[in-house]
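Everything on this sheet refers to the single structure shown next.
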Amino acid sequence: MDAQPILIRNVRPVGFRPGAAPDAATDILVGADGRIAQVGASLIPPPAARQVDGAGGFVSPGWTDLHAHVWHGGTDISIRPQLAGLQRGVTTIVDAGSAGEATFHGFREYIIEPAQERILAFLNIGSIGLVACNRVSELIDIRSIDIDRTLAVVEANRDLIVGIKCRASHVILGSWGITPVKVAVKVAKILKLPMMIHVGEPPPTYDEILELLRPGDVITHCFNGKAGGSIIEDEDLWDLVVKCADRGIRLDVGHGGASFSFKVAEVAIERGLLPFSISTDLHDHSLNGPVWDMATTMSKLLSVGMPFEAVVTASTTAPMSAVGLATDDLLAVGKKAELTVFDLVDSDLKVRDSQGALGTLTRMFEPRHAVMGSTLVRASRHMPKEGEAKVCTCGAHG
Ligand SMILES: [Zn+2]
């Protein structure tokens, strides 16, 4: 059956020009071919068009989650992509190292190819990826890395693999120290791809990791509140992070179960250091709190002082650029439609960060629809509606 056109009415484009205020309300017609057909006021719906009433809300480039885990079935921690994707307003999911070279073929065949969302991947430098995450480390010793096979898998999957992931914290590396990070950087250099490095509890230290990175590389969990891993407890590290961000090293939120602190984010943003990208680190132990979804994570950054337009950019064109997706003129006639229709609503929702600290979201991103080509999906937050379960109390989040 041919897809029908989609007419999105009365929405204010935001995020198509980084940093710019939202444009006046308009209509957007997506053709049956999934491409932008017309943008303007009071468009006439073609016969059989599906219609979305934006009611004066917003439309942005499709939300892009730079750090999630969706190799469901191939790792013990991943969620199904549907739980992090179009139904949550996210059109592109970037998997952050769930698969290594030994498991990427299954990820491709069973998850990525059938998905409605675009799924891209940072390939774990550890061959086994996150098969038994945090129980059997993917970087247990030198046998964990196979440079030849890693290079071959990337070359065979250049359409999907956008970089190399390395989790560089004590629980993963044990006594191996920073050596795997150096090997990962070497492999990324050979492949001319960016790195995504997870920082957390040292060793290795955040400082010594930053010294190895190049412009275009991504530090995820940038606002973690771990002792020895926080950027607000050490002025030398703070200065280094600011210098690296200026050089083009990308600070990515990667909220997760253990890696986002309201306090660290608030101080950083107050001092003028904004994250390059906002991402969830959604997995099976962060989905039902403290992360919930992309919209809640975006709202958390808004709540600690990040401007609305900057939050939108950090959740759309910035992460898209980090993985090599085009970001120019995304509403131009002829471009493939990848859009998120959302509202910004008043709220008094109380939510926790990864340390268990409470914050209040006074304004909430509410995804309404996601458009991926000719696919139109109704979207909502994963979090229970207000009044049902305001705060996760399961106590399981370290
Ligand atoms: Zn992760």
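The values are calculated or read from the model by the stated rules, or taken from the named source; none is laboratory data. Bear in mind the structure is a predicted one, so any value in this text is a computation, not a measurement. Here the Cβ positions follow ideal geometry from the backbone for every residue, glycine too, while neighbour counts run over all protein chains shown.
If you filter the stretch 121-152 down to residues that are within 16 Å of Lys192 (Cβ to Cβ) and part of a strand (DSSP E or B), you find that the one that is farthest from the chain's Cα centre (by Cα) is Leu123. Residues that are touching a Pro at 6+ places or on another chain (Cβ under 7 Å), over 11 Å from Gly100 (Cα atoms) and in a strand (DSSP E or B) within the stretch 153-172 comprise Gly163, Ala168, listed in sequence order.
Among the residues of the stretch 212-232, are any among the charged types (D, E, K, R), in contact with a Leu (Cβ under 9 Å, 6 or more places away or on another chain) and either part of a helix (DSSP H, G or I) or surrounded by fewer than 22 Cβ atoms within 10 Å (Cβ to Cβ) (or both)? Don't jump to the end; show me each part of the working.
The initial filter retains those residues of the stretch 212-232 that are among the charged types (D, E, K, R), namely 214, 217, 226.
If we keep only those that are in contact with a Leu (Cβ under 9 Å, 6 or more places away or on another chain) too, we end up with none.
So far as the stretch 212-232 goes, no, none of its residues is among the charged types (D, E, K, R), in contact with a Leu (Cβ under 9 Å, 6 or more places away or on another chain) and either part of a helix (DSSP H, G or I) or surrounded by fewer than 22 Cβ atoms within 10 Å (Cβ to Cβ) (or both).
Counting the residues of the stretch 75-104 that are away from the ligand (no atom under 15 Å from the Cβ) and of a type in the set (Val, Ile, Thr) gives 4. Somewhere in the stretch 105-124, is a residue surrounded by fewer than 24 Cβ atoms within 10 Å (Cβ to Cβ), within 16 Å of the ligand (Cβ to nearest atom), of a type in the set (S, T, N, Q) and over 13 Å from Val162 (Cα atoms)? No, every residue in the stretch 105-124 fails to be surrounded by fewer than 24 Cβ atoms within 10 Å (Cβ to Cβ), within 16 Å of the ligand (Cβ to nearest atom), of a type in the set (S, T, N, Q) and over 13 Å from Val162 (Cα atoms). Has the stretch 88-101 got at least one residue that is part of a loop (DSSP other than H, G, I, E, B), in contact with a Lys or Arg (Cβ under 7 Å, 6 or more places away or on another chain) and surrounded by 24 or more Cβ atoms within 10 Å (Cβ to Cβ)? Among the residues of the stretch 88-101, at least one is part of a loop (DSSP other than H, G, I, E, B), in contact with a Lys or Arg (Cβ under 7 Å, 6 or more places away or on another chain) and surrounded by 24 or more Cβ atoms within 10 Å (Cβ to Cβ), which makes the answer yes. Among the residues of the stretch 95-111, the one identified as touching a Ser or Thr at 6+ places or on another chain (Cβ under 7 Å) and touching a residue at least 60 places away in the same chain (Cβ under 8 Å) is Ala96.
In the stretch 244-253, is there at least one residue being modelled with pLDDT of 95 or more, touching a Lys or Arg at 6+ places or on another chain (Cβ under 6 Å), crowded, with 17+ Cβ neighbours inside 10 Å and not acidic (Asp, Glu)? Please lay out each step first, then the result.
Just the residues of the stretch 244-253 that are modelled with pLDDT of 95 or more, to begin with: 244-253.
Keeping just the survivors that are touching a Lys or Arg at 6+ places or on another chain (Cβ under 6 Å) gives none.
No, every residue in the stretch 244-253 fails to be modelled with pLDDT of 95 or more, touching a Lys or Arg at 6+ places or on another chain (Cβ under 6 Å), crowded, with 17+ Cβ neighbours inside 10 Å and not acidic (Asp, Glu).
There is no residue in the stretch 272-292 that is more than 16 Å from the ligand (Cβ to nearest atom), among the charged types (D, E, K, R) and modelled with pLDDT of 95 or more. As for the stretch 220-241, it holds at least one residue that is within 23 Å of Pro61 (Cα to Cα) and either free of Cβ contacts under 8 Å to residues at least 60 places away in the same chain or within 15 Å of the ligand (Cβ to nearest atom) (or both).
Given the residues Asp252, Asp239, Asp234, which is the only one that is out of contact with any Gly (no Cβ under 7 Å at 6 or more places or on another chain), within 16 Å of Asp65 (Cβ to Cβ) and among the charged types (D, E, K, R)?
Numbers: Asp239 fails: within 16 Å of Asp65 (Cβ to Cβ); Asp234 fails: within 16 Å of Asp65 (Cβ to Cβ).
Every option except Asp252 fails the conditions.
Whether any residue in the stretch 44-55 is modelled with pLDDT under 95 and either among the small types (Gly, Ala, Ser) or within 16 Å of the ligand (Cβ to nearest atom) (or both) is what I want to check. Yes: one or more hits. Quick check, is Phe58 among the hydrophobic types (A, V, I, L, M, F, W, C) and either part of a helix (DSSP H, G or I) or over 30 Å from Leu344 (Cβ atoms) (or both)? When the stated conditions are applied, Phe58 does not pass them.
Residue by residue, here is whether (1) over 21 Å from Leu287 (Cα atoms); (2) of a type in the set (A, V, I, L, M) holds:
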residue	(1), (2)
Gln51	yes, no
Ser60	yes, no
Gly73	no, no
Leu83	no, yes
Gln87	no, no
Phe104	yes, no
Phe107	no, no
Ile112	no, yes
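Within the stretch 281-308, the set of residues being buried (at least 24 other Cβ atoms within 10 Å of the Cβ), in contact with a Leu (Cβ under 7 Å, 6 or more places away or on another chain) and in a loop (DSSP other than H, G, I, E, B) comprises Val291 only.
Please enumerate the residues belonging to the stretch 332-372 that are assigned to a loop (DSSP other than H, G, I, E, B) and either crowded, with 18+ Cβ neighbours inside 10 Å or aromatic (Phe, Trp, Tyr) (or both). If the condition is that a residue be assigned to a loop (DSSP other than H, G, I, E, B) and either crowded, with 18+ Cβ neighbours inside 10 Å or aromatic (Phe, Trp, Tyr) (or both), then Ala337, Asp353, Ser354, Gln355 are the ones that fit.
Which ones in the stretch 173-183 are in a helix (DSSP H, G or I) and touching a Leu at 6+ places or on another chain (Cβ under 9 Å)? Quick ask: steps written out before the conclusion?
Within the stretch 173-183, the subset in a helix (DSSP H, G or I) is 173-176, 179-183.
Those that are in a helix (DSSP H, G or I) and touching a Leu at 6+ places or on another chain (Cβ under 9 Å): Leu173, Gly174, Trp176, Thr179, Pro180, Val181, Lys182.
In the stretch 62-74, the residues that are within 11 Å of Arg118 (Cα to Cα) form Cβ pairs under 8 Å with partners that are within 11 Å of the ligand (Cβ to nearest atom) and not aromatic (Phe, Trp, Tyr), at six or more places apart or across chains, as follows: Thr64/Val94; Asp65/Val94; Asp65/Ser279; Asp65/Thr280; Asp65/Leu282.
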